[in-house]
Structures are given as structure tokens and as C-alpha cells.
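S.K.: Structure incoming, see below.
Values in this text are rule-based calculations from the coordinates and carry no lab data. It should be emphasised that the depicted structure is a prediction, and the values quoted were computed from it without experimental measurement. No Cβ is skipped: glycine too gets one built from the backbone with ideal geometry, and neighbour counts run over all protein chains shown.
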Amino acid sequence: MEEISASPQTPYGRSKQKAEEYLLSQILPAGKRLFIIRPCMIHGEGNKGNLNLLYKIVEKGIPWFLASYENKRSFLSIDNLNYLIFEILNNEHILSGIYNFADDEALSTNDLIRIISETANRKTRLWNIPQSFISGIAKLGDLLKLPLNSERLKKLTESYVVSNQKIKSALGIEKLPLSAKEGLEKTIKSFKK
């Protein structure tokens, strides 16, 4: 929730927190509002990040070997981001504040692999390797400086779920224009171009 105080772990995160604190400490001119927008992972046409990497894994027929981890992650399609920004700026009844922006549903990485596979007309390949075995491989990766190490495993399997309830309540809406699946399908189709 937006009310929970953040405890950033990186210099980047701490600098964002300081910027928010500074902005919130300022007295706004009459009739002005301040919106601090906290979007989760944004995706859209031509996305070059992790979604594109997962797409390439699926395209090559490489199995997702972390299927035993049922994490949940929030995403935000560029279409829903644009919608929210437009609505927040054009609705004078929205109060100043901090707003999380996310699609309505959080998805597991396994769900994401299924969506990519369906959209790319590929067979879904999920390998349910025991977590204890994968953790052992990651610890070996720590020692041998391999691509899969404990830190990377944590990043690949941890959950990060963001609630968008505050902004939806402020706008008086029940759901965003695109579901998480619809937004992801649109992004994934752009990778084929």
C-alpha cells in the first residue's frame, strides 16, 4: 500500500525516497496538486527488458526450469499507464498523494510463460525441478561465479505484488481498460514484428 513507508535497499531506491520526501514537504501553490506515481514493471510495444528475454527463451523451446516456484508479480501495460495518467490529470477531484500503478491482476512467472507460449503459438515447457536442488545449484553458482547464483535465483523467484486499489477508488472505477493478460499479449505480439 502507498501508506506503508518504504525501506529502500539501494542508492537508487534511497534517492527516490528522498525525492518523494522533499516533494511531500513542499507547500503547494493554491489550486495545484502533487501526484507521486509508483509504477511497477511497465511493458509495451518494443519492450527490451526481461519480458523480451522470456519471449526468446520460449521461442527457442527452452524449458522454464523454475516452475516449482509459484511467485506472483505485478505488471503495468503502457496502455493502462497512459489511461491512469490521463485520468489523474483530467479529474480535478483526485487528491494529491502517492499512488501505486499496476494492472489489476498479479501473475506468476509460470502464468507469464504460459501467456507467452500461447501468444507465440509455442508449447508451454515448465519443468518442476525441486527447489532444494535449484538452491544447491545456485549456491554452487555463488562459489564458481556462474550465471545462476543465489542472488539471481532470489530475483527470479521472489514475489512483488502492488495494489492499485487506491487509484481505482480515487477514480471511481472497478477495473482498468486492459487485464494483465491482455496487456501482456499485446506486448508479446510486438516482439514478433
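S.K.: Taking only DSSP H segments of four or more residues, each worth -39500 (n - 2.57), what value at 222 nm results for the chain once the sum is divided by all its residues, to the nearest 500 deg cm²/dmol?
M.R.: -14000 deg cm²/dmol
S.K.: Please give the peptides 128-139, 173-184, 9-20 ranked by average Cβ packing (other Cβ atoms within 10 Å per residue), highest first, as a rough proxy for protection.
M.R.: Ranking the peptides 128-139, 173-184, 9-20 by packing returns 173-184, 128-139, 9-20.
S.K.: Between the helical axis of 50-59 and the dominant principal axis of the chain, each derived from Cα atoms, what acute angle in degrees is found, rounded to the nearest 10?
M.R.: 30 degrees
S.K.: Which entries in Lys16/Lys48; Lys16/Lys175; Lys72/Lys154 show an alpha-carbon gap greater than 19 Å?
M.R.: Those over the limit are Lys16/Lys48; Lys16/Lys175.
S.K.: Same structure, new question: Ranked highest first by average number of other Cβ atoms within 10 Å, how do 109-121, 157-169, 141-153, 26-38 line up?
M.R.: Peptide ranking by packing, descending: 109-121, 157-169, 141-153, 26-38.
S.K.: Now a separate question. Counting DSSP beta bridges with both partners in the range 11-191, what percentage is antiparallel, nearest 5?
M.R.: Restricted to the range 11-191, the bridges split so that about 10 percent are antiparallel.
S.K.: If I compute P(r) over Cα pairs in 10 Å bins from 0, in percent from the structure I just sent, which labelled value in [x] 9, 32, 31, 19, 8, 2, 0; [y] 8, 29, 32, 21, 8, 2, 0; [z] 8, 31, 39, 19, 2, 0 lines up?
M.R.: [y]
S.K.: What relative contact order, as a whole-number percentage, does the range 42-110 give when Cα pairs under 8 Å and 6 or more residues apart are counted?
M.R.: 44 percent
S.K.: Cα centroids of the range 129-193 and the range 11-36: how far apart, whole angstrom?
M.R.: Cα centroid to Cα centroid, the span is 28 Å.
S.K.: Another one. Can you bin the range 87-142 into rounded, prolate or oblate? Criterion: square roots of the alpha carbon gyration tensor eigenvalues sorted a ≥ b ≥ c, rounded for a/c under 1.5, prolate for a/b above b/c, oblate for the rest.
M.R.: Oblate, because a/c is 1.5 or more while a/b does not exceed b/c.
S.K.: Normalised by the number of residues in the chain, what is the relative contact order in percent for Cα pairs under 8 Å and 6+ residues apart?
M.R.: 32 percent
S.K.: Once you keep just the Cα pairs under 8 angstrom separated by 6 or more residues, what percentage relative contact order results for the range 130-188?
M.R.: RCO, the range 130-188: 16 percent.
S.K.: Turning to a different aspect of this structure: How far, in degrees from 0 to 90, does helix 78-90 lean away from the longest principal axis of the Cα atoms of the chain, to the nearest 10?
M.R.: 10 degrees
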